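What follows is a short report on a single structure.
Computed from the coordinates by the stated procedures, all read-outs in this text should not be read as laboratory data. Model, not experiment: these values are computed from the prediction. Because the Cβ atoms are built from the backbone with ideal geometry, glycine has one as well, and the counts that use them run over all protein chains shown.
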Amino acid sequence: MLPGIKLFDLTSRAAIITGGSKGLGSAMAEGLASAGADVLLTSRHQAEVEATAAQIAKDYGVKVIGVQADVTDAEQVAAMTDRAISEFGKIDILINNAGINIRGPIDELTLEQFQEVQNVNVTGPWLCAKSVVPHMKQAKYGRIINLASTLGLVGMSNRTPYTASKGAMVQMTRALGLELCEYGITCNAICPGPFLTPMNEPFAETEEIKKFIVGAVAMNRWAKMEEIQGAAIFLASDASSYMTGSMVTVDGGWTAR
Ligand SMILES: NC(=O)c1ccc[n+]([C@@H]2O[C@H](COP(=O)([O-])OP(=O)(O)OC[C@H]3O[C@@H](n4cnc5c(N)ncnc54)[C@H](O)[C@@H]3O)[C@@H](O)[C@H]2O)c1
Ligand SMILES: O=C(O)C(=O)C[C@H](O)[C@H](O)CO
């Protein structure tokens with residue numbers, strides 16, 4: 001008999017998820033934990049990430065550790081990787097989730113704002129991948145999952161820093177997917193559509209976003225938080241073993257139009 005649903009089992013797998021104290025990071029941490037994985041969650045804020053980690057560990061009976069780490073700081077990223085190795089002895093899965101979005105017309109944005117978005121959304125995931133890859137190569141196994149965005153595939157006004165960064169994430173996923181598959185490591189991306197996380201909450205009631213949800217998203221609604229979990233578990237598990245350099249859209253039909 002072929003393995004079927006067992007392909008999605010993450011028992012005893014060790015994962016790092018960046019930017020995980022709230023939003024999609026914590027939803028994916030719950031998803032992986034529910035499939036049996038141990039998780040090291042990072043955030044820039046120690047108390048917040050510890051509280052999220054403790055709750056998930058209690059709910060799912062796996063090891064979940066909260067660690068303060070800014071993904072743009074190479075030393076903090078190295079410490080994050082060292083901690084995962086000392087806690088779990090290996091790193092099977094990296095989810096590059098931490099990200100920011102600074103919106104506005106190009107003539108009102110500053111160079112510093114543009115660079116900040118590239119630094120968190122592109123340099124951060126590159127640094128995290130660079131840091132875990134030697135361990136994955138040694139183990140001849142790894143799953144790297146990048147949170148790109150629908151806005152890495154299609155455009156949207158007043159979002160030049162974010163769309164540029166997510167387009168870069170799409171291309172970095174393809175390049176890393178090609179580079180690493182000979183070592184048993186895959187790299188794929190999730191391209192989410194609109195989820196009502198802290199990133200989007202302040203804009204949810206604007207006319208622009210209300211029109212966009214009805215006009216661009218075929219399902220005419222925001223995604224529910226749990227709707228990110230299927231893609232995350234799939235790409236983290238052996239169920240996706242023949243996929244690398246792929247973009248998985250979870251966007252309510254936005255890009256199908
Ligand atoms: N929410 C959406 O609709 C949506 C859509 C497409 C893609 N995404 C992407 O999914 C990811 C998660 O988004 P979200 O909506 O949960 O956002 P969010 O703002 O709710 O959460 C992002 C997390 O990243 C953390 N973070 C920010 N800068 C960091 C840094 N330098 N180092 C470490 N952590 C840092 C934040 O503290 C926060 O916990 C992002 O990469 C985002 O671009 C989100
Ligand atoms: O950036 C925004 O304000 C959006 O509403 C875009 C989407 O919600 C989401 O981020 C798509 O990737």
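Could you work out the relative contact order of segment 51-147? I mean the mean sequence separation of Cα pairs under 8 Å and 6+ apart, divided by the number of residues, in percent. The partial results should precede the final answer.
On the way: 88 pairs, mean separation 33.3, N = 97.
Reported as a whole number, the value is 34 percent.
To the nearest 500 deg cm²/dmol, what mean residue ellipticity at 222 nm is calculated for the chain from DSSP H runs of n ≥ 4 alone, each contributing -39,500 (n - 2.57), summed and divided by the residues? Please list the in-between numbers first.
Details: 8 runs with 104 residues, N = 257.
Dividing the helical sum by the residues of the chain leaves -13000 deg cm²/dmol.
Would you mind computing the Rg to Rh ratio of segment 167-257 from its alpha-carbon coordinates, Kirkwood style for Rh?
Numbers: Rg = 15.3 Å, Rh = 14.6 Å.
Result for segment 167-257 is an Rg/Rh of 1.05.
Can you sort T11, T42, T123 from fewest to most other Cβ atoms within 10 Å of each residue's own Cβ? Could you put the intermediate results ahead of the total?
Details: T11 10, T42 30, T123 16.
In order of increasing Cβ crowding within 10 Å: T11, T123, T42.
Just list whichever of K6/K137; K90/K130; K63/K166; K90/K224; K90/K166; K22/K58 have alpha carbons separated by over 20 Å in the model shown.
Over 20 Å Cα-Cα: K6/K137; K63/K166; K90/K224; K90/K166.
Please give the helix 160-180 orientation as an angle from the longest Cα principal axis of the chain, in degrees from 0 to 90, rounded to the nearest 10.
30 degrees
Within a Cβ distance under 12 Å of G215, other residues only, what is the Lys/Arg minus Asp/Glu net charge? All intermediate terms of the calculation are to be shown ahead of the outcome.
Numbers: positive: K210, K211, R257; negative: E207, E208.
Result for the local shell: +1.
What whole-number distance in Å separates the alpha-carbon centres of segment 160-200 and segment 1-79?
Here the answer is 18 Å between Cα centres.
Going 7 Å from the Cα of E112 toward and past its Cβ, which residues in segment 50-81 have a backbone nitrogen under 19 Å from where you end up?
Within reach of a label on E112: 72-73.
Give the angle, between 0 and 90 degrees and rounded to the nearest 10, that separates the Cα long axis of helix 23-34 from the longest principal axis of the Cα atoms of the chain.
30 degrees
Loop only by DSSP, 15 or fewer other Cβ within 10 Å of the Cβ. Give me the GluC sites (Glu not before Pro) in segment 83-150 that pass, ordered by residue number.
Numbers: sites: E87, E108, E112, E116; in loops: E108.
Loop-located and lightly packed - E108.
What is the chain's relative contact order, in percent, from Cα pairs under 8 angstrom and six or more apart in sequence? If you can, show how the numbers build up before the last one.
Working: 513 pairs, mean separation 51.5, N = 257.
About 20 percent, as a whole number.
Calculate how steeply helix 46-60 sits against the longest principal axis of the alpha-carbon atoms of the chain, using the helix alpha-carbon long axis, and give the answer as 0 to 90 degrees to the nearest 10.
Once rounded, the angle reads 60 degrees.
I need two numbers for the chain: Rg to one decimal and Dmax as a whole number, Cα atoms only, in Å.
17.5, 61
Neighbouring Cβ atoms within 10 Å as the yardstick, rank M156, M136 fewest first. Don't jump to the answer; show the numbers that get you there.
Numbers: M156 15, M136 23.
Result, fewest neighbours first: M156, M136.
Hey, what do the phi angles of segment 201-215 turn into as Karplus ³J(HN,Hα) couplings, whole Hz, using 6.51/-1.76/1.60 and θ = phi - 60°, x for Gly and Pro?
3, x, 10, 4, 9, 6, 4, 4, 6, 4, 5, 5, 4, 7, x
Using the Karplus curve 6.51 cos²θ - 1.76 cosθ + 1.60 with θ = phi - 60°, what ³J(HN,Hα) values do you get for each residue of segment 153-158, in whole Hz, with x for Gly and Pro?
10, 10, x, 7, 4, 6
Quick check on segment 43-182: what does the Kirkwood estimate of hydrodynamic radius come out to from the alpha carbon pairs, in Å? Intermediate results must be reported in sequence, preceding the final value.
Values: mean 1/r = 0.0612 Å⁻¹.
In segment 43-182 this quantity evaluates to 16.3 Å.
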